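Working notes, beginning with the structure itself.
The values are calculated or read from the model by the stated rules, or taken from the named source; none is laboratory data. Here the structure is a predicted model, which is why all the values come from computation and not from measurement. Every residue, glycine among them, receives a Cβ derived from its backbone with ideal geometry; neighbour counts consider all protein chains shown. Areas reflect the complete protein model, heavy atoms only, side chains present, ligands, DNA and RNA absent. Shrake-Rupley method; radii C 1.70, N 1.55, O 1.52, S 1.80 Å.
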Amino acid sequence: MNAPDDWSRWSEQWQREPAIDAERLRRRARWKRWRMLAMTGLELFVSIGALAQLVQLWMLPGLEPRWRLWCVLSLLTVLAVQYLYLHVRRGTWAASADSVPALLALSARRARAGIRLAWVNIASTSALALVSVLLALPELQPSRWLHDATLRRVLILQVAANGPLVLALLAFFAWYIRRQRRRLDRLQAWQAADRDASG
């Protein structure tokens, strides 16, 4: 056994161990809570605005039954998504925690909640887009829009505005899930290191 080699190997291993900065974790936990509160407020504001628009659309005279159905389905989706937003965040509202293990556990719960929230958004965005396209199928028939300039302009505007928006949202949520998974892996490594140091 070569002692200098062992010391060198142990030194390298120690330097690769993740360093846990408890004060930085506390600051991040407090900042994350403020961001969560702001995001929840924004989500509630957007949901109330969407509900108001859906009710206003529902009340339009002469609205076709399929678009009334779309209003109802969209309204139910908005309510369900808002409930899921609040439900998924349960247990993540603490401003901070006293010990390093508690801080790491809180951060890990928040990362898992972030992943679940992104999946809720992916599912609801995809479902709403699919239902909208299915209900719009009669207007999407070339025999309709080729002979109706107004309908053609509306369809072009909808596809040009909503298509990239939906794709951008889905891409953002996929990126966010990957980011949160990397964060969760890092937190789990810190938790294991903290358990090893304590044990």
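A few remarks follow.
- Residue list for the stretch 100-111, restricted to those being in contact (Cβ under 8 Å) with a residue 24 or more places away in the chain and over 11 Å from the mean Cα position of the chain (by Cα): VAL100, PRO101, LEU103, LEU104, ALA105, LEU106, SER107, ALA108, ARG110
- Residues within the stretch 99-112 that are open to solvent by 20 Å² or more (accessible area, probe 1.4 Å) and either in contact with a Gly (Cβ under 7 Å, 6 or more places away or on another chain) or part of a helix (DSSP H, G or I) (or both), tallied: 6
- Whenever a residue of the stretch 172-187 is more than 18 Å from VAL120 (Cβ to Cβ), its partners that are open to solvent by 40 Å² or more (accessible area, probe 1.4 Å) and outside any helix (DSSP H, G or I), lying with C-beta atoms within less than 9 angstrom and at least six residues away or across chains, give the pairs ARG186/PRO18.
- Lone qualifier among ARG153, ARG195 - being more than 17 Å from the chain's Cα centre (by Cα), open to solvent by 100 Å² or more (accessible area, probe 1.4 Å) and under 30 Å from ARG112 (Cβ atoms): ARG195
- Here SER96 meets the list (1) part of a helix (DSSP H, G or I); (2) open to solvent by less than 60 Å² (accessible area, probe 1.4 Å); (3) of a type outside the set (Asp, Glu) almost entirely, failing just condition (1).
- Selection of helices (runs of 4 or more DSSP H) fully inside the stretch 1-91 by the criterion of at least 2 residues being among the charged types (D, E, K, R) and modelled with pLDDT of 90 or more returns 22-58.
- Criterion (more than 20 Å from ARG195 (Cα to Cα), touching a Leu at 6+ places or on another chain (Cβ under 9 Å) and open to solvent by less than 20 Å² (accessible area, probe 1.4 Å)) met by exactly one of VAL78, VAL131, VAL88, VAL120: VAL88
- Search result, residues across the stretch 156-187 that are of a type in the set (A, V, I, L, M, F, W, C), open to solvent by 60 Å² or more (accessible area, probe 1.4 Å) and farther than 20 Å from LEU117 by Cα: ILE156, LEU157, VAL159, ALA160
- Residue within the stretch 142-149 that is surrounded by fewer than 16 Cβ atoms within 10 Å (Cβ to Cβ) and within 16 Å of the chain's Cα centre (by Cα) present: no
- For the stretch 72-99, a tally of residues being free of Cβ contacts under 8 Å to residues at least 12 places away in the same chain and closer than 23 Å to ARG181 by Cβ returns 2.
- TRP190 vs. criteria over 18 Å from the mean Cα position of the chain (by Cα) and part of a helix (DSSP H, G or I): yes
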